[in-house]
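Everything below concerns the one structure shown next.
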Amino acid sequence: MQQASIITDEMKEQLGVEGTPTILEVEKGHIRMMAEALDDPNPLWQDEEYAKKTRYGGIVAPPALLCNARAGTGRGVQMKSPFLRALAGGDELQYYLPVRPGDVITSVSKIAEYNEREGRMGKMLFTIIDTTYKNQRGEVVATSRSTSISY
Amino acid sequence: MAKQLYYEDVEVGIEIPPLVKCPTTRQLVQWAGASGDYYELHYDKDFAQAQGFPNVLVHGKLKFGLLGQMLTDWIGEGGILRKLSCSYRGTDFPGEEIVCKGRVANKYVKDGEHIVECEIWTENPSGEKTTPGNATVILPSRAQDKKEA
Amino acid sequence: MKKQLYYEDVEVGSEVIPLAKIATTEMLVKWAGATGDFNPLHYEDAFAASQGVGSPIVHGALKRAWLGHLMTDWTGEQGILKRLSCQYRGMDYPRKMKDMVTPEEGETWWCKGTVTKKYVEDGQHIVECDIWVENGKGEKTTPGTATVILPSREAKS
Amino acid sequence: MAITDELKALIGTTTEPVIMEVERGAIRRYADAIDDPNPLFRDVEHAQSSRYGEMICPPGFFGWPVKRGGVMEVLASLTPALARAGCPRILDGGVDFEFYLPIRAGDILTSSGKVADIRAREGKTGTMIFTTLETTFINQNGDLVAKSRATIISL
């Protein structure tokens, strides 16, 4: 007998719908927290004097900053799943412009795809989320594709 | 800062200098604060055990960040990270070593950009690739530098 | 915003409007991130056990911050908190999380206070309070005092 | 009983000033952590239309997270001296804040710490040593915005 799909019509209706934009004001303190959490001593993330002399002309954010629960990747979209447990499946970030303190990054996510699979622990739902990150000048600084697995 | 890496310095097959990390529970709590990801799986042992894991897990995105560090260290300030992608295939636990590694898979010039594509991954103490992925970086070229000078 | 509290609204013995708080393991991790206090006593089971407190305990400073919340909510935007003081007398243990949003059943803490003194000095309408954090058993684990300046209806008219 | 000469010598020790930039995101993270929905601590528009003109810090928040230094630095020299005086366990006894001016997002605070006092007292369980650390916070205009006195109990 064919088992019913866990992807409901309601979930299908969400596909491609842009979620509520989330706004991240990029601040030096937050960049520092991120660098400390990574234990990444690169002076480009923290040392203004040093960073001024580089081609960036000042502190920039490490790549991980946008890969962040506060900056998008699924914020503002209604993720529906019949399961309670969730894990991150993967992330893909494309970077176009540096992100600097003082930037105001607006990110908009949408659910691009739902896939269901049979795993070791039973049925699993893969949700693919696409996000676009723009700065205060409307320039796209990055895009991302993230996979969330619920089971 | 390390000396600048140039397009001419890399060949297909060469290895990216590995980055060795050993996240502690403290680091996971720091990451939760920095990333805003407060999922209990990463700091509440009872919660993690109820989900069938022996201990709290290292955040996938923290491993993404560590791979990012390996790359930004390697390409230096003159390099640009264009793409970073990875899948969270295996679990890693605090107190265990995570080695970030990578290898050049392809290099080419396109639209005047000197592009290098890499395979990247994290390895656990058993040598399993828990976070395989790939990255694209743009490196400065010695030839271009000379022309501009 | 809540309505403004005035000097004339309070008497010695008046209650500060109580504020309920639920400490969870999640809240402790957020606090660590927000303050940069990463002492493992507040999130690492084995470390807390080795320090003789059994399991991770609520940060004293987090309870102090709750008392700050108690006072700023009560005095409203026109009130000014001049002094906040508290002592960490008893340990509190956070509730575990049942799932990603719901804490397990258990203790709720109450931040409370009473007015002990009111007077006018140098044209300022000053109110002093005893304040405390009370655990589920009604024990005051974090007693303290606060001094606020409130707007006055008379001064306004 | 009296405190040891080593401890007595530490009274008056000051710390290197620590600079703290107060950022909106840090205020929001703090307000989130204590679960305080007050819009003065979260909502720029609301705060700008209030009498403060900008987001302000909840009481006791001074632009954390700070880098190490300040009180941590004092503790590093105090802890071994307290242990040698026979009181190796350190407890946070409480704090007393005085607030003089509102602290707004964008402020740059300089904090300086000092060991104000060290006293010994006989308790039920033996000698307890009370150390008072005083910290002042001065903003970019040179105004004293707050003062804290923290008590550390060692036994």
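The values are calculated or read from the model by the stated rules, or taken from the named source; none is laboratory data. Everything quoted here is computed from the prediction, not taken from an experiment. So basically every Cβ, Gly included, is an ideal-geometry build from the backbone, and we count neighbours across all protein chains shown. Side chains included, ligands, DNA and RNA excluded: accessible areas come from the protein's heavy atoms. Shrake-Rupley method; radii C 1.70, N 1.55, O 1.52, S 1.80 Å.
How much length would be gained if the chain were fully extended between D:E122 and D:E45, taking 0.36 nm per residue of separation minus their Cα-Cα distance, in nm to one decimal?
In short, 22.4 nm is gained.
Let me check I've understood the local charge: for D:E21, count other residues with C-beta under 9 angstrom from its C-beta, Lys and Arg +1, Asp and Glu -1. What total comes out?
Working: positive: A:K28; negative: A:E27, D:E23, D:D107.
Here the count lands on -2.
Would you mind giving the total buried accessible surface between chains B and A, with a 1.4 Å probe and ligands, DNA and RNA left out, rounded to the nearest 100 Å²?
Buried surface at the B/A interface: approximately 3000 Å².
Over what distance in Å are the Cα centres of the stretch D:22-53 and the stretch C:64-79 separated?
13
Near D:K114, which aspartates and glutamates are there with a Cα under 17 Å away, not counting those fewer than 8 places off in the same chain?
Counting by Cα, and skipping residues close in sequence, D:K114 has these aspartates and glutamates nearby: D:E6, D:E16, D:E73, D:D92, D:D96, D:E98, D:E134.
What lysines sit close enough to A:K53 to cross-link, taking a C-alpha to C-alpha distance under 24 Å and skipping anything fewer than 8 places away on the same chain?
A:K28, B:K3, B:K146, B:K147, D:K67
Pairing the Cα long axis of helix A:28-38 with the longest principal axis of chain A, what angle in degrees results, from 0 to 90 and rounded to the nearest 10?
Once rounded, one gets 60 degrees.
Using only the alpha-carbon atoms, how far is helix B:25-35 inclined from the longest principal axis of chain B? Give it as 0 to 90 degrees, nearest 10.
Helix B:25-35 and the main axis of chain B meet at about 60 degrees.
Please give the Cα centre distance for the stretch B:77-145 versus the stretch A:39-53, rounded to the nearest Å.
22
Relative to the isolated chain, which residues of the stretch D:94-114 have their accessible area cut by 20 Å² or more in the presence of all protein chains (1.4 Å probe, heavy atoms, no ligands or nucleic acids)?
By number: D:G94, D:V95, D:D96, D:F97, D:E98, D:F99.
Please calculate how many Å² of accessible area chain A carries per residue, with a 1.4 Å probe and no DNA, RNA or ligand atoms counted.
With all protein chains present, chain A gives 48 Å² per residue.
Looking at the stretch A:86-116, which residues lose a minimum of 50 Å² of accessible area between their chain alone and all protein chains in place, measuring with a 1.4 Å probe and not counting ligands or nucleic acids?
Hits at the 50 Å² cut-off: A:D91, A:Y95.
List the residues of the stretch C:43-80 that lose 40 Å² or more of accessible area once all protein chains are present, compared with their chain alone (1.4 Å probe, heavy atoms only, no ligands or nucleic acids).
C:Y43, C:R64, C:H69, C:T72, C:E77
How do the peptides C:22-34, D:96-108, A:12-24 rank, highest first, by the average count of neighbouring beta carbon atoms within 10 Å per residue?
Highest-to-lowest ranking by the protection proxy: C:22-34, D:96-108, A:12-24.
Excluding ligands, DNA and RNA, what is the solvent-accessible area per residue of chain C at a probe of 1.4 Å, expressed in Å²?
It amounts to 44 Å² per residue over chain C.
Going Cα to Cα from C:K3, which lysines come in below 23 Å? Please leave out same-chain ones fewer than 8 positions away.
Excluding near neighbours in sequence, the set is C:K21, C:K82, C:K112, C:K117, C:K118, C:K156.
At a probe of 1.4 Å, how much accessible area disappears from chains C and D on forming the pair, both sides counted, to the nearest 100 Å²? Each step should come with its number before you reach the end.
Working: alone 8840 and 8800 Å², together 15210 Å².
Using a 1.4 Å probe on protein heavy atoms, the buried area is about 2400 Å².
Which of D:E21, D:E45, D:E54 moves the most in a Gaussian network model of chain D with Cα springs under 10 Å?
D:E45
Between beta-carbons, use under 11 Å as the cut-off and find the net charge around B:E97, counting Lys and Arg +1, Asp and Glu -1. Present the calculation step by step, with values, prior to reporting the outcome.
On the way: positive: B:K21; negative: B:D92, B:E96, B:E123.
That sum, taken over residues with Cβ under 11 Å, equals -2.
What is the local net charge at B:P132, summed over the other residues whose Cβ is closer than 12 Å to its Cβ (Lys, Arg +1; Asp, Glu -1)?
+2
Between D and B, buried accessible area summed over both sides at probe 1.4 Å, in Å² to the nearest 100?
Counting protein atoms only, the buried area is about 100 Å².
For C:D9, what accessible surface area do you get with a 1.4 Å probe? Give it in Å², rounded to 10.
We get 60 Å² for C:D9.
Summarise the accessible area of the stretch B:12-148 (1.4 Å probe, protein heavy atoms) by the percent that is carbon and sulfur. Numbers along the way, then the final one.
Details: 2420 of 5260 Å².
The value for the stretch B:12-148 is 46 percent carbon and sulfur by accessible area.
Quick one: pull the percent of accessible area on the stretch A:1-70 belonging to carbon and sulfur, 1.4 Å probe, ligands and nucleic acids left out. Intermediate values should be presented prior to the final figure.
Working: 1790 of 3580 Å².
Of the solvent-accessible surface of the stretch A:1-70, carbon and sulfur hold 50 percent.
Could you state the accessible area per residue of the stretch B:12-148 in Å², with a 1.4 Å probe and every protein chain left in place?
Here the per-residue accessible area is 38 Å².
Relative to the first principal axis of the alpha-carbon coordinates of chain C, what is the inclination of helix C:25-35, with its axis defined by its Cα atoms, in degrees from 0 to 90 and to the nearest 10?
The answer is roughly 60 degrees.
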